[in-house]
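Some notes on the structure that comes next.
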Amino acid sequence: MTNIDPRPSVIGARLGKVKRVIAVTGWKGGIGKSVTAATLALLLAKKGYKAGLFDLDFAGASDHLILGARGIFPKEEKGLEPPVVNGVKFMSVTFFSENKAVPLRGANISDAIIELLAITQWGELDFLVLDMPPGINDAALDIIRFVGRAEVLAVTIPSVLAHDVLARSLELYRKLKVPVLCVIENMSSGRKTAGVSAYIKTDRALENALGHPAALLKTSFARDLSRAAGRFGFPI
Ligand SMILES: Nc1ncnc2c1ncn2[C@@H]1O[C@H](COP(=O)(O)OP(=O)(O)OP(=O)(O)O)[C@@H](O)[C@H]1O
Ligand SMILES: [Mg+2]
């Protein structure tokens with residue numbers, strides 16, 4: 001059967017001027033994917049890169065809170081133009097959910113995400129950071145498939161359970177031929193873990209810095225992430 005779904009080519013064209021797409025993933029909830037994605041985008045923008053951040057977590061969008069983004073909305077201009085927050089072009093499913101729980105399931109979530117990918121006008125970007133939903137459900141797989149050239153930044157925590165799912169996720173990315181830039185262990189206790197290439201320590205000051213980008217960039221969390229980013233070739 002001929003594939004007549006026009007969305008992959010529309011998404012390809014929409015991302016045409018985006019140099020690299022970084023998908024921040026992790027197979028567990030609450031392990032720091034969102035703070036990593038949002039802080040990475042802020043660090044890149046501070047260094048002078050054109051950076052974008054796309055919060056694709058339908059069930060728990062939180063990047064708008066981390067960035068302290070209030071009272072903004074995308075502009076309609078042959079699609080949707082993301083507003084700029086602290087130098088970062090920012091798009092979130094939360095713009096369309098009015099901060100309410102989204103009553104969507106399975107394929108509908110995938111469809112809504114693909115639709116957003118197809119209508120967002122990112123323009124020219126050096127890096128587009130995707131804050132991925134936890135795990136590798138249909139929505140996550142569809143994002144990877146439709147974007148086509150995402151590079152994974154995998155976040156894990158120092159737990160036997162997290163490392164077990166991490167190993168399986170890395171195996172899957174290998175099968176799907178998705179490049180893995182780096183495995184970051186967040187909330188690290190300082191002990192080395194096999195397969196991990198960079199560490200971020202627990203930072204008691206992080207919670208109070210959420211919603212205040214300038215303060216966030218001064219945390220030891222941001223410093224550790226910046227050092228980790230050096231490991232995977234991002235000079236930030
Ligand atoms: N290194 C750290 N030190 C201290 N607190 C941290 C650290 N990393 C993350 N946190 C805190 O852990 C909580 C969860 O982080 P975050 O929301 O980024 O996780 P997530 O993986 O995106 O979760 P979800 O799966 O719900 O989207 C937040 O309150 C965050 O401030
Ligand atoms: Mg999150």
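Before we move on, is ALA69 modelled with pLDDT under 95, more than 14 Å from the chain's Cα centre (by Cα) and closer than 21 Å to HIS212 by Cβ?
yes
Could you check, for the range 12-27, whether at least one of its residues is over 17 Å from ASP126 (Cβ atoms) and away from ligand 2 (no atom under 13 Å from the Cβ)?
Among the residues of the range 12-27, at least one is over 17 Å from ASP126 (Cβ atoms) and away from ligand 2 (no atom under 13 Å from the Cβ), which makes the answer yes.
Among (1) in contact (Cβ under 8 Å) with a residue 40 or more places away in the chain; (2) over 17 Å from the mean Cα position of the chain (by Cα), where does ASN108 come up short?
Of the numbered conditions (1) in contact (Cβ under 8 Å) with a residue 40 or more places away in the chain; (2) over 17 Å from the mean Cα position of the chain (by Cα), the odd one out for ASN108 is (1).
Can we say PHE232 is closer than 23 Å to ALA45 by Cβ and modelled with pLDDT under 90?
For PHE232, the condition - closer than 23 Å to ALA45 by Cβ and modelled with pLDDT under 90 - is met.
Failed condition for LEU181, given (1) within 16 Å of ligand 1 (Cβ to nearest atom); (2) hydrophobic (A, V, I, L, M, F, W, C); (3) part of a strand (DSSP E or B), with all others met?
The failed condition is (1).
Just to be sure I understand, how many residues within the range 125-153 are part of a helix (DSSP H, G or I), within 16 Å of ligand 2 (Cβ to nearest atom) and under 15 Å from ILE11 (Cβ atoms)?
Selection size over the range 125-153: 2.
Are any residues in the range 176-234 under 30 Å from ARG70 (Cβ atoms) and of a type in the set (Phe, Trp, Tyr), and if so, which ones?
Once the filter is applied, which keeps residues that are under 30 Å from ARG70 (Cβ atoms) and of a type in the set (Phe, Trp, Tyr), the range 176-234 yields PHE221, PHE234.
Every residue, every condition in (1) out of contact with any helix residue (DSSP H, G or I) (no Cβ under 6 Å at 6 or more places or on another chain); (2) closer than 21 Å to VAL35 by Cα, yes or no:
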| site | (1), (2) |
| --- | --- |
| SER169 | yes, yes |
| MET187 | yes, yes |
| GLY195 | yes, no |
| ASN208 | yes, yes |
| PRO213 | no, yes |
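Among (1) farther than 17 Å from VAL24 by Cβ; (2) in contact (Cβ under 8 Å) with a residue 24 or more places away in the chain; (3) of a type outside the set (A, V, I, L, M), where does ASN186 come up short?
Condition (1) is where ASN186 drops out.
The values are calculated or read from the model by the stated rules, or taken from the named source; none is laboratory data. Every value quoted in this text rests on a predicted model; they were computed, and no experiment measured them. We place every Cβ from the backbone using ideal geometry, glycine too, and count neighbours over all the protein chains shown.
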